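Notes follow once the structure below has been shown.
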Amino acid sequence: MIDLRAYAIIDRLQRQFTGFIGATARGYYPVSGQAALFLEIAPGMEINQLTDIVLKRADVRPGALVVERTYGMLEVHADSPADVQEAGEVILDYMGLKEADRLKPKILASETVERLHPFMSQIVNRFRTANISVSDETLYMIECVPAGYAGYAANEAEKAADIKLNHVTVFGASGRVYFSGTTSNVQAGRKAAEAALASIDGRAH
């Protein structure tokens, strides 16, 4: 039986997060303003079958497909939010599940570092996949499970505040988001990211 771990629909992809997907994924890249669906399941190999089915039955394009040791992650997108919604319904119907059968996000860690030390900013820049951080900025980091929800949190943070998205991990044992900027903007982004995760209902871990 397929375990629905993460299921999140993004109504409007933001510019930085869209750029991150385009820079790191190996699919058909989205553009800002499109709608998207992030899906994570177990076992991981089942994501291949789901991808084939949803592409045959819904007018969406795959932006990212990851099959790792334990989980499988899929992102699909389209110009129309209705098409993305239909894609989600196709997937849920195939699995015989409802949206409420997904796992509820759980925040494992949430930290803010003010007046970033120059060496710390350089360390972050060594592994970042998006914008660079610079010294004296404020840096926010969040870790959550399932990992598939990290993309939703990053997009909502960017939607709410003038932040610099530094790094996002949307697959694996846990998801992570790093973003930086002024203290006030980072605090606004943090509030939006954590509220976005809290707004998703589902099964308890």
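The residues on offer are L116, L97, and the sole one that is in contact with a strand residue (DSSP E or B) (Cβ under 6 Å, 6 or more places away or on another chain), aliphatic (A, V, I, L, M) and farther than 23 Å from D11 by Cβ is L116.
Please go through segment 172-191 and give me each residue that is surrounded by fewer than 20 Cβ atoms within 10 Å (Cβ to Cβ) and part of a helix (DSSP H, G or I), ordered by number. Those that are surrounded by fewer than 20 Cβ atoms within 10 Å (Cβ to Cβ) and part of a helix (DSSP H, G or I): T183, S184, Q187, A188, K191.
Results for (1) part of a strand (DSSP E or B); (2) touching a His at 6+ places or on another chain (Cβ under 9 Å); (3) among the aliphatic types (A, V, I, L, M), shown as yes or no for each residue.
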| position | (1), (2), (3) |
| --- | --- |
| R12 | no, no, no |
| S32 | no, no, no |
| F38 | yes, no, no |
| N48 | no, no, no |
| D52 | no, no, no |
| L55 | no, no, yes |
| P62 | yes, yes, no |
| H77 | yes, no, no |
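If you take the residues in segment 54-92 that are basic (K, R) and over 17 Å from the mean Cα position of the chain (by Cα), which one is nearest to F20 (Cα to Cα)? Filtering segment 54-92 for residues that are basic (K, R) and over 17 Å from the mean Cα position of the chain (by Cα), the one nearest to F20 (Cα to Cα) comes out as R69. Restricted to segment 134-171, and to residues that are part of a loop (DSSP other than H, G, I, E, B) and buried (at least 19 other Cβ atoms within 10 Å of the Cβ), which residue is farthest from the chain's Cα centre (by Cα)? The residue in question is E137.
Of the numbered criteria (1) touching an Asp or Glu at 6+ places or on another chain (Cβ under 6 Å); (2) surrounded by 15 or more Cβ atoms within 10 Å (Cβ to Cβ); (3) not in a strand (DSSP E or B), the one N131 fails is (1).
Yes/no per residue for (1) more than 30 Å from S184 (Cα to Cα); (2) surrounded by 21 or more Cβ atoms within 10 Å (Cβ to Cβ):
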{"site": "D11", "(1), (2)": "no, no"}
{"site": "R15", "(1), (2)": "no, no"}
{"site": "E75", "(1), (2)": "yes, yes"}
{"site": "Y94", "(1), (2)": "yes, no"}
{"site": "E99", "(1), (2)": "yes, no"}
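Pairs are defined by a Cβ separation below 8 Å, a sequence spacing of at least 6 or placement on different chains, a first member in segment 177-205 that is within 18 Å of P105 (Cα to Cα), and a second member that is modelled with pLDDT under 95 and of a type in the set (V, I, T); the pairs so defined are Y178/V124. Taken as a whole, the condition of being of a type outside the set (F, W, Y) and crowded, with 19+ Cβ neighbours inside 10 Å does not apply to Q49.
Given the criterion out of contact with any strand residue (DSSP E or B) (no Cβ under 7 Å at 6 or more places or on another chain) and assigned to a helix (DSSP H, G or I), identify the matching residue among A82, A87. Result of the check over A82, A87: A82. When you look at A35, is it of a type outside the set (V, I, T) and more than 16 Å from I10 (Cα to Cα), yes or no? For A35, the condition - of a type outside the set (V, I, T) and more than 16 Å from I10 (Cα to Cα) - is not met.
The values are calculated or read from the model by the stated rules, or taken from the named source; none is laboratory data. Predicted model, so just to flag it, every value in this text is computed and none were measured. All Cβ positions, even for glycine, are placed from backbone atoms using ideal geometry, and neighbour counts span all protein chains on display.
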